[in-house]
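These notes concern the structure reproduced below.
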Amino acid sequence: MQRIVQSESTAARRRVYFTAVKVDDVTDDLVTAEIGTWVVKISKNGADAAAPSGSTVTEVDSTDFPGLWYWEGNAADFDTLGVLLVRITNTSGSKVMRSRSILVHVVASDSIYVTPPADIKKVDGTAIPTPTTAGVLRVDVKAMETGVLTNTAIASDAISAAKVADGTIDLATFAADALLSAFGIANMGTAQAGSTGTTLKLANAASSSDDRYLNGVVLITGGTGAGQINQISDYVGATRVASVAQTWATTPDATSVYVIYAGGAASSAPSAATVATEVWAKVLEGSHTSADLMRLFASALLAMASGWSTGTLVFRDLANTKNRFVSVVDEDVGRTSLSILDAT
């Protein structure tokens, strides 16, 4: 039984061969002039016989293979899997052919006829992208199951700097990515036009919430003003305008690429009074603070003194209301003792 692939697209593989001999002389083959009109009927899996869509009958070779013919059906004649019965005869000719009934097995595929196509256009019914390199199948990965990509699934050095095109991965590639938060980056992008000497107009993708980047540190990484660093003192979400603490040396523009590092809550600088208190309360010698020592210096240099004739020197405060300290000296005015009475 001959095998033909279902809906075979190649005409030469849809040919059903048969011999044509005369009814009254089975030893004699019909010639073209005797045949008249061919009559072909087909029945698919026992259904009623019907005329095929293709009815071409051709002699193989009248010289070397006289009487050997083939019927070439259309692809639609072989669209049903299973047994196809082909019945062939002739009419209106000078001779009648012995009718032929031929069984054909229509199969889904046949290894004899399977030839890889020159071009593969689809995979599982979906068109594949045009290969970047001829002969190398290109597949764009849209989704990947969990656990498919692991550290052991990628060979050592499979991904290197030389294999990643310049510019494939840049700051914009990771915009709004959680990875940025891990490194303390609150926002990045290219500034819009409209920055001033004390402001930076962030990219439109920046936060629309007021004070979102307050106290953050902004670094200009590229474009106009690259290398400058500043601190954000105010942020208006609606306009994407960040005010900065220091005047820019070079005002950023629409080419300026920036990175904002998240800042913490602002703390107030200590007041002058707080600083003074801390300085004067600092203990400089023994248990005496800088304030104690200054008072003693003042009393020794500027205040009242008594007892010079007895060898005991008493130093009093500027108001002459209390003794600050008493120093006993010898005849060479060398101090032999010191009593601090009131250093406060």
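The values are calculated or read from the model by the stated rules, or taken from the named source; none is laboratory data. These figures come from a predicted structure and were not determined experimentally. Neighbour counts run over all protein chains shown; Cβ positions are idealised from the backbone, glycine included.
For the stretch 198-239, a residue qualifies if it is among the charged types (D, E, K, R) and within 15 Å of residue 256 (Cα to Cα), and exactly one does: 201.
Selection of first residues in the stretch 33-57 that are under 21 Å from residue 12 (Cα atoms) and of second residues that are at pLDDT below 90, restricted to Cβ pairs under 8 Å at least 6 apart or on distinct chains, gives the following pairs, ordered by first then second residue: 38/55; 40/55.
Among the residues of the stretch 69-100, the one identified as of a type in the set (Ser, Thr, Tyr) and in contact with a helix residue (DSSP H, G or I) (Cβ under 7 Å, 6 or more places away or on another chain) is 94.
One line per residue, one yes/no per condition, for (1) in the same structural domain as residue 184 (by TED's automatic domain parsing); (2) of a type in the set (D, E, K, R); (3) over 33 Å from the mean Cα position of the chain (by Cα); (4) assigned to a helix (DSSP H, G or I):
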{"site": "200", "(1), (2), (3), (4)": "yes, no, no, no"}
{"site": "203", "(1), (2), (3), (4)": "yes, no, no, no"}
{"site": "211", "(1), (2), (3), (4)": "yes, yes, no, no"}
{"site": "239", "(1), (2), (3), (4)": "yes, no, no, no"}
{"site": "243", "(1), (2), (3), (4)": "yes, no, no, no"}
{"site": "246", "(1), (2), (3), (4)": "yes, no, yes, no"}
{"site": "249", "(1), (2), (3), (4)": "yes, no, yes, no"}
{"site": "273", "(1), (2), (3), (4)": "no, no, yes, yes"}
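Being in the same structural domain as residue 89 (by TED's automatic domain parsing) and at pLDDT below 90 is a description that does not apply to residue 36.
Of the residues in the stretch 15-53, how many are farther than 11 Å from residue 96 by Cβ, of a type in the set (A, V, I, L, M, F, W, C) and assigned to a loop (DSSP other than H, G, I, E, B)? Going through the stretch 15-53 one residue at a time, the tally reaches 5.
Scanning the stretch 275-321 for residues that are part of a loop (DSSP other than H, G, I, E, B), closer than 18 Å to residue 341 by Cβ and modelled with pLDDT under 80 gives 286, 287, 302, 303, 304, 307, 308, 310, 311, 317, 318, 319.
Filtering the stretch 278-289 for residues that are buried (at least 16 other Cβ atoms within 10 Å of the Cβ), without any contact (Cβ under 8 Å) to a residue 60 or more places away in the chain and in the same structural domain as residue 325 (by TED's automatic domain parsing) leaves a non-empty set. Screening residue 64 on (1) more than 30 Å from residue 137 (Cα to Cα); (2) crowded, with 16+ Cβ neighbours inside 10 Å shows it passes everything except condition (2).
Against the numbered list (1) buried (at least 16 other Cβ atoms within 10 Å of the Cβ); (2) part of a strand (DSSP E or B), residue 77 comes up short only at (2). Report yes if some residue within the stretch 203-225 is of a type in the set (D, E, K, R), modelled with pLDDT of 90 or more and surrounded by fewer than 17 Cβ atoms within 10 Å (Cβ to Cβ); otherwise report no. Looking through the stretch 203-225, at least one residue is of a type in the set (D, E, K, R), modelled with pLDDT of 90 or more and surrounded by fewer than 17 Cβ atoms within 10 Å (Cβ to Cβ).
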